[in-house]
Amino acid sequence: LAAHGTPVFPLAVGAKTPATPNGFKDATTDPAQIETWWARRPLNVGIATGPAGLLVIDLDVPKPGKPLPAPWADLPGVRDGADVLAVLAERASRPLPFDTRTVLTPSGGTHLYFATEHPLASTTGTASRGLGPLIDTRGAGGYVVAPPSRTAAGGYLTVHPGPLAPLPD
């Protein structure tokens with residue numbers, strides 16, 4: 001990733017938490033620093049999305065006991081973040097933005113990677129600023145866990161390695 005200009009940083013073994021003091025702010029493309037980090041032990045990989053010129057749309061699945069909120073739960077066929085995104089795209093008369101680099105997460109969610117010259121702020125944990133329920137974004141001020149990272153729940157897997165599409169309007 002770093003050889004292609006994507007700033008990376010180490011995450012704790014088997015986890016999503018940063019393994020450096022400043023987390024995603026320590027991300028770099030410097031081969032010497034990267035070699036130093038990963039020479040000591042196997043670590044997961046984090047991508048600092050803002051410096052990488054990325055906005056990642058994180059489509060989640062409901063956690064047990066936490067269903068979709070109304071009115072989303074009342075719409076036929078809407079079960080997760082991907083379904084919510086489909087409804088939002090239909091309402092905006094826009095195609096679904098699935099022709100871009102796509103990663104499956106161990107929890108059953110999906111990360112859609114988009115290129116942007118002006119990364120938007122991350123919306124993780126800010127339901128009022130997000131696109132909809134079970135949809136977070138990772139941009140400026142955030143990071144994503146990248147393949148081939150693994151957690152106790154499983155591994156991150158690239159299922160569409162294609163080029164990054166530009167961020168849809």
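The values are calculated or read from the model by the stated rules, or taken from the named source; none is laboratory data. Here the structure is a predicted model, which is why all the values come from computation and not from measurement. Neighbour counts are summed over all protein chains in view; Cβ atoms, including those assigned to glycine, are modelled from backbone coordinates with ideal geometry. These area figures cover heavy atoms from the full protein model, side chains too; ligands, DNA and RNA do not enter into them. Shrake-Rupley method; radii C 1.70, N 1.55, O 1.52, S 1.80 Å.
Observations on the structure shown:
- Taking Cα centre as origin and charging only the Cβ of basic (Lys, Arg, +1) and acidic (Asp, Glu, -1) residues, the dipole magnitude of the chain rounds to 420 debye.
- Segment 20-169, accessible surface, carbon-and-sulfur percent (1.4 angstrom probe): 58
- Dipole of the chain [Lys/Arg +1, Asp/Glu -1 at C-beta], most positive-end residue of Pro133, Pro31, Leu85: Pro31
- Taking the DSSP bridge list for the chain and keeping only pairs wholly inside it, about 90 percent are antiparallel.
- In degrees, nearest ten, helix 31-40 long axis to first principal axis of the chain (Cα): 90
- Relative to one another, the C-alpha centroids of segment 36-104 and segment 129-160 are positioned 7 Å apart.
- Neighbourhood net charge (10 Å Cβ-Cβ; Lys/Arg +1, Asp/Glu -1) for Ala165: 0
- Its residues counted as N, segment 96-169 yields a C-alpha radius of gyration over 2.2 N^0.38 Å of 1.11.
- Residue-level accessible surface for Ser93, protein heavy atoms, 1.4 Å, Å²: 100
- Contact order relative to length of the chain, as percent, for alpha carbon pairs under 8 angstrom and 6 or more apart: 28
- Percentage of interatomic Cα-Cα distances in segment 69-136 larger than 13 Å: 71
- Residue-normalised accessible area of segment 2-152, given per residue in Å² at a 1.4 Å probe: 53
- For segment 56-105, the spread of Cα positions along the three principal axes, ordered from largest to smallest, is 31, 27, 15 Å.
- Approximating the spin labels as points 7 Å out from Cα along Cα→Cβ, the Ala86-to-Thr36 distance works out to 4.8 nm.
- Taking a straight line from the alpha carbon of Lys16, these lysines sit under 21 Å away, with near neighbours fewer than eight places off in the same chain left out: Lys25, Lys63.
- Label selected from (i) 17.3, 57; (ii) 16.3, 53; (iii) 15.6, 48, the criterion being Rg and Dmax of the Cα atoms in Å as computed here: (ii)
- In the chain, a dipole from Cβ-located charges (positive for Lys and Arg, negative for Asp and Glu) runs towards its positive end, and of Leu167, Pro148, Phe114 it is Pro148 whose Cα lies farthest in that direction.
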